[in-house]
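The values are calculated or read from the model by the stated rules, or taken from the named source; none is laboratory data. Since this is a predicted model, take the numbers as computed values, not measurements. A quick note on method: Cβ atoms are made from the backbone with ideal geometry, for glycine too, and the neighbour counts reach across all protein chains shown. Each accessible area value is taken on the protein alone, full model and side chains, heavy atoms only, with ligands, DNA and RNA left out. Shrake-Rupley method; radii C 1.70, N 1.55, O 1.52, S 1.80 Å.
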Amino acid sequence: MIKNKNIQEVSFLNNLLLFIFCTYPICFLVGNFLINLFLLLINLILVYGFFKNFYTYKILNKQVLYLLLFLFFSFLINLIFSNDMSISFPRVFKFLLIIGSIISFKTLITNLKASKINKMYKIWFIIFLVVVLDVIFEIIFGFNILGFKSFMSGRIASFSGDELNIGHYFSAFSLFFLSYIYLNYKNNTLNLILAIFLISISFLIGERSNFIRTISIILLFVVFINEIKIKFKILSFSSLIILFLIILNSNSDYKLRYVDQFTKILTYKGINYYLNNTVYGSHYNVAKEIFKDNIFFGAGIKNFRIESYGEKYENLDHPHNDRRANTHPHQIHYEFLSETGLFGYISFVIFIFSSFYLTLKNYVKNKNLYQFSAFLFVLISLMPLLPSGSFFSTYTSGLFWLNYAVMVAYINNKFRL
């Protein structure tokens, strides 16, 4: 009876974890409070499972566990040298919750049948489909199904409201959507059509950096996964380019965002002009100066929001220096360099490339499409120069670490799709 009771309790915990991960994508549409709440619940279930000896730390590949602990201890060392420990402390110790969420996802992959895990991806597929339909609704009517509308011309708000970050969400889940279609319908033509469709929707959302990331991961996905002949791929994406050109010439808002404000800078003036004459460039510039003043350990995680306002940076040689101060430098590499210094940056590089090595080694062997999709998102999230959200923020880090969890969960796992 005791044994049966334990089996029932383990089954209940696993199903509860599954429910949380199934609905986790909704949290990113609601707000940071719900993201943090779900993260806390995931870890409470994990701790209870450890306490009852239902789960074991060995469930996560030991190499991945060592890498996560290595990154955490690098953050702890950074905390010691932080200019303001009170600001860095919450983010550093929140990383323990992130580690717990990664172990929890691995627990699901290991303990549950493939059919149940596939139901989770099906729910993610449905949630993402609702977002796609909502974006289309807003493109047509100017507001989403809840009445939210963008305060900026050429941008789509959807469920993100005034945050205007639905493009990041779109990028984070688009490949899971395509993977589900590919695995369940085995239709290369349908998958290619949907890939082109998602790229088009990402373009119309109007978030330029996230559009570049989305088109990059989808193109890589199609090139490596889709089995349609190369000439049809070229023809399809050539048609897509023609469609974009038609939209740019017929819609002044998109023309302003993609041509006047962006393309011309890169095409005619070069990247140095972009760095020296934009607000994002001013963020990068002050981040560079903060890094030079704190070269080994940085100013401390989340300390850019304090340091960038400092008087010592008031007279930097940049046309937009009066707008340099912000909560973060809007670029992950500048963020790591300015807030964690060379020590933190090199530690993260070691961590992420080691994770990539383990992932690709496993993918070559098992060909898990969800793992490959997550890998592409994590990889493209680290593109240099493109503006990005703060790596240590709840929303951005949540999307990053969820994909990372999917990426590493299948390492040394016999799970088959």
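Taking Ile139 as the residue in question, decide whether it is touching an Asp or Glu at 6+ places or on another chain (Cβ under 6 Å), open to solvent by less than 80 Å² (accessible area, probe 1.4 Å) and either touching a residue at least 12 places away in the same chain (Cβ under 8 Å) or in a helix (DSSP H, G or I) (or both). Here the answer is no, as Ile139 does not meet what is asked. Screening Val132 with (1) open to solvent by 10 Å² or more (accessible area, probe 1.4 Å); (2) over 30 Å from Leu68 (Cβ atoms); (3) part of a helix (DSSP H, G or I) gives one miss only, at (1). When residues in the stretch 168-206 are screened for being in contact (Cβ under 8 Å) with a residue 24 or more places away in the chain, assigned to a loop (DSSP other than H, G, I, E, B) and open to solvent by 10 Å² or more (accessible area, probe 1.4 Å), 0 of them pass. Within the stretch 358-380, the set of residues being of a type in the set (Gly, Ala, Ser) and either over 29 Å from Glu339 (Cα atoms) or open to solvent by 20 Å² or more (accessible area, probe 1.4 Å) (or both) comprises Ser373 only. Taking residues in the stretch 354-370 that are more than 21 Å from Ile181 (Cα to Cα), and partners anywhere that are outside any helix (DSSP H, G or I) and open to solvent by less than 10 Å² (accessible area, probe 1.4 Å), the pairs with Cβ atoms closer than 6 Å and at least 6 places apart or on different chains are Leu358/Ile411; Asn362/Ile411.
Among the residues that make up the stretch 100-109, is at least one of them over 17 Å from Phe176 (Cα atoms) and more than 23 Å from the chain's Cα centre (by Cα)? Within the stretch 100-109, none of the residues are over 17 Å from Phe176 (Cα atoms) and more than 23 Å from the chain's Cα centre (by Cα). Checking every residue in the stretch 270-293 against the condition of being at pLDDT 90 or above and in a loop (DSSP other than H, G, I, E, B) gives zero matches. The residue of the stretch 301-317 that is nearest to Phe336 (Cα to Cα), among those that are at pLDDT 90 or above and in a loop (DSSP other than H, G, I, E, B), is Ile301. Could you grab me the full set of residues in the stretch 276-326 that are open to solvent by 40 Å² or more (accessible area, probe 1.4 Å) and on the phi > 0 side of the Ramachandran plot? Of everything in the stretch 276-326, nothing turns out to be open to solvent by 40 Å² or more (accessible area, probe 1.4 Å) and on the phi > 0 side of the Ramachandran plot. Which of the residues belonging to the stretch 220-236 are open to solvent by 60 Å² or more (accessible area, probe 1.4 Å) and either modelled with pLDDT of 90 or more or not β-branched (Val, Ile, Thr) (or both)? Correct list: Phe224, Glu227, Lys229, Lys231, Phe232, Leu235.
Screening Glu339 with (1) surrounded by fewer than 16 Cβ atoms within 10 Å (Cβ to Cβ); (2) touching a residue at least 24 places away in the same chain (Cβ under 8 Å) gives one miss only, at (1). Condition first: in a helix (DSSP H, G or I) and crowded, with 19+ Cβ neighbours inside 10 Å. Now tell me which residues in the stretch 142-163 satisfy that. If the condition is that a residue be in a helix (DSSP H, G or I) and crowded, with 19+ Cβ neighbours inside 10 Å, then Ser158, Phe159, Ser160 are the ones that fit. State whether one or more residues within the stretch 397-413 are surrounded by fewer than 19 Cβ atoms within 10 Å (Cβ to Cβ) and without any contact (Cβ under 8 Å) to a residue 12 or more places away in the chain. No.
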